[in-house]
Amino acid sequence: MSFSAPTRPLPQIELVLLLAALMSLMAFSIDSIMPALPALAAEFSPGAPSRAQLAISAFVLGTGIGQLFIGPFSDSFGRRPALVLGIGLFISGALAARWATSLDMLMLFRFVQGLGAASSRIVSQAVMRDLYSGRDQARIGSIVFTFFVVIPALAPLIGQWIVHIAGGWRALFAVYFGLGTVVLSW
C-alpha cells in the first residue's frame, strides 16, 4: 500500500466535506450508540444495566489516549499514514465489536475504535492548519466545526433508527465499519 500524496489536489468543497466527515466520525460514534444502551444492558449485563454505559467510556478513553500518540505520529510520518492507521483501527474495532459476545469484549473493541477515531480529529485539524491560515483557516474551520456541532445532535436519532429499523445494536457497528471504509477510501 502506498502512502504517497494523491495525484490531484481535492477541490475545496470536497476537502471541506472530507474534513467535516473526519471530524464528525468521532462524535457520531459516541452519540449514536446511546439508544442502543438498553439493548446492550439486556444482552450483556441484565443484573447491572448501567454497566452498558462503559461502551461509551471505553471509546472516549481510547480517543483520549490515541490523541497523545497520533499527533506525533502524524508529524513524523505524515498525515495520510496517520489517517490510514487510525481509520484502520477504527474499522477493525467496529468489525470486532459487531461480533462481541460479552461486555468486556465490547469495551475492548470500543477502546480500539476510540484509539483509531482519535486520528480523524487530530489529522483533520492538522490538515486545516497545513493548508490554510488567517481568514481562510477561520472560514474553513467554521464550516467544518458546524458539521461537528450538528452531528452530535442528530446522531442519537440516527442511532435510534439504526437500532430499531436496521436490526439492533450490532447494526450500529456495521454502520461504523461502512462510514470508516468510505472515509478511508475518499
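Some observations on this one:
- For segment 11-51, the candidate set comprises residues that are polar (S, T, N, Q), over 14 Å from Ile140 (Cβ atoms) and more than 13 Å from the chain's Cα centre (by Cα); within that set, the residue that is surrounded by the most Cβ atoms within 10 Å (Cβ to Cβ) is Ser45.
- From the options Ser32, Ser50, residue that is at pLDDT below 95 and of a type in the set (S, T, N, Q): Ser50
- Restricting segment 57-101 to residues that are of a type in the set (S, T, N, Q) and buried (at least 18 other Cβ atoms within 10 Å of the Cβ), the residue that is farthest from the chain's Cα centre (by Cα): Ser74
- Only a single item in (1) in contact with a helix residue (DSSP H, G or I) (Cβ under 6 Å, 6 or more places away or on another chain); (2) at pLDDT below 95; (3) over 27 Å from Thr146 (Cα atoms) is not met by Phe44, and it is number (2).
- Residue-level check: of (1) of a type in the set (A, V, I, L, M, F, W, C); (2) surrounded by 22 or more Cβ atoms within 10 Å (Cβ to Cβ); (3) out of contact with any Gly (no Cβ under 8 Å at 6 or more places or on another chain), Leu54 misses just (2).
- Condition check for Val175: modelled with pLDDT under 95 and assigned to a helix (DSSP H, G or I): no
- Among the conditions (1) surrounded by fewer than 19 Cβ atoms within 10 Å (Cβ to Cβ); (2) over 14 Å from the mean Cα position of the chain (by Cα); (3) in a helix (DSSP H, G or I); (4) free of Cβ contacts under 8 Å to residues at least 60 places away in the same chain, Ile158 misses just one, which is (4).
- Within segment 46-75, residues that are within 20 Å of Pro35 (Cα to Cα) and free of Cβ contacts under 8 Å to residues at least 40 places away in the same chain have Cβ atoms under 6 Å from residues that are in a helix (DSSP H, G or I) and not polar (S, T, N, Q) in these pairs: Pro49/Ala41, counting only partners at least 6 apart in sequence or on another chain.
The values are calculated or read from the model by the stated rules, or taken from the named source; none is laboratory data. Fair warning: this is a prediction, and the values are worked out from it, not measured in the lab. Quick reminder, even Gly has a Cβ in these numbers, built from the backbone with ideal geometry, and neighbours come from all protein chains shown.
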